[in-house]
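> This is the structure I have questions about; it appears just below.
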Amino acid sequence: MNVLVIHGSMRKNGNTKILSKEFVRGAKEAGHKAEIVELRDKKFGDCLGCRACFNNGGKCVQKDDMAEILDKLRGADVIVLSSPMYYFTWTG
Ligand SMILES: Cc1cc2nc3c(=O)[nH]c(=O)nc-3n(C[C@H](O)[C@H](O)[C@H](O)COP(=O)(O)O)c2cc1C
């Protein structure tokens, strides 16, 4: 299986990263493909609400790193959302 870990901590080598890396290690040891996407290194905008994607097969008009992330999400069998809890919720 293809495992994608979306890492949402702004601390590059914090506690969440340790857990993400351990998850990837375990998945690989079990024979799966696994990778971490580091959100802090990506640039993407909020949804503009322009609705262009309603009529073009779901493609966002914004030229940012989201296209690459969406491709990875589509190719994943397992998606892991890895975030620390900041102020009683996951990170923005
Ligand atoms: C700004 C901030 C807010 C936090 N808010 C919470 C919280 O609401 N509840 C909680 O249990 N821990 C909270 N914590 C603790 C973090 O979730 C915890 O230290 C976590 O392991 C940090 O992960 P990181 O090393 O990947 O940043 C907070 C930490 C910070 C820095």
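> Can you tell me how many residues in segment 48-57 are surrounded by 11 or more Cβ atoms within 10 Å (Cβ to Cβ) and of a type outside the set (A, V, I, L, M)? Give the derivation first.
Looking only at segment 48-57, we keep the residues that are surrounded by 11 or more Cβ atoms within 10 Å (Cβ to Cβ), and these are 48, 52-53.
This time we only want the ones that are of a type outside the set (A, V, I, L, M), so: 53.
Adding up the residues that qualify gives 1.
> May I ask you to list pairs of residues, at least six apart or on different chains, whose Cβ atoms are under 9 Å apart, with the first in segment 58-70 being open to solvent by less than 60 Å² (accessible area, probe 1.4 Å) and the second being assigned to a helix (DSSP H, G or I)?
Listed by first residue and then by second, the contacts come to Gly58/Leu70; Asp65/Asp41; Ile69/Leu39.
> Here's something else I'd like to know. Can you tell me which condition Arg40 does not meet? The list is (1) more than 13 Å from the ligand (Cβ to nearest atom); (2) open to solvent by 30 Å² or more (accessible area, probe 1.4 Å); (3) part of a helix (DSSP H, G or I), and all the others hold.
Evaluating Arg40 over (1) more than 13 Å from the ligand (Cβ to nearest atom); (2) open to solvent by 30 Å² or more (accessible area, probe 1.4 Å); (3) part of a helix (DSSP H, G or I) leaves (1) as the failure.
Results for (1) away from the ligand (no atom under 16 Å from the Cβ); (2) surrounded by 10 or more Cβ atoms within 10 Å (Cβ to Cβ); (3) more than 17 Å from the chain's Cα centre (by Cα), shown as yes or no for each residue.
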{"position": "Glu22", "(1), (2), (3)": "no, yes, no"}
{"position": "His32", "(1), (2), (3)": "yes, yes, yes"}
{"position": "Phe44", "(1), (2), (3)": "yes, yes, no"}
{"position": "Leu81", "(1), (2), (3)": "no, yes, no"}
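> Would you please list the contacts, defined by Cβ atoms under 6 Å and residues six or more apart or on different chains, that run from a residue in segment 1-26 that is free of Cβ contacts under 8 Å to residues at least 60 places away in the same chain and part of a helix (DSSP H, G or I) to a residue that is loosely packed, with under 11 Cβ neighbours inside 10 Å and not β-branched (Val, Ile, Thr)?
Short answer, once both residue conditions are applied: none.
> Can Lys17 be described as open to solvent by less than 60 Å² (accessible area, probe 1.4 Å) and within 16 Å of the ligand (Cβ to nearest atom)?
Numbers: open to solvent by less than 60 Å² (accessible area, probe 1.4 Å): yes; within 16 Å of the ligand (Cβ to nearest atom): yes.
Yes: the conditions hold for Lys17.
> To continue, here is another question. Looking for something over 18 Å from Gly92 (Cβ atoms) and at pLDDT 95 or above - is there at least one such residue anywhere in segment 36-46? Step through it out loud before you land on a result.
Residues of segment 36-46 that are over 18 Å from Gly92 (Cβ atoms), as a first pass: 36.
From what is left, the residues that are at pLDDT 95 or above are 36.
There is at least one residue in segment 36-46 that is over 18 Å from Gly92 (Cβ atoms) and at pLDDT 95 or above.
The values are calculated or read from the model by the stated rules, or taken from the named source; none is laboratory data. Note that the coordinates shown come from a computational prediction; the quantities given were computed from them, not determined experimentally. As a convention, Cβ positions derive from the backbone with ideal geometry for all residues, glycine included, and neighbour counts pool all protein chains shown. Note: accessible area is taken over every heavy atom of the protein model, side chains too, but ligands, DNA and RNA are not part of it. Shrake-Rupley method; radii C 1.70, N 1.55, O 1.52, S 1.80 Å.
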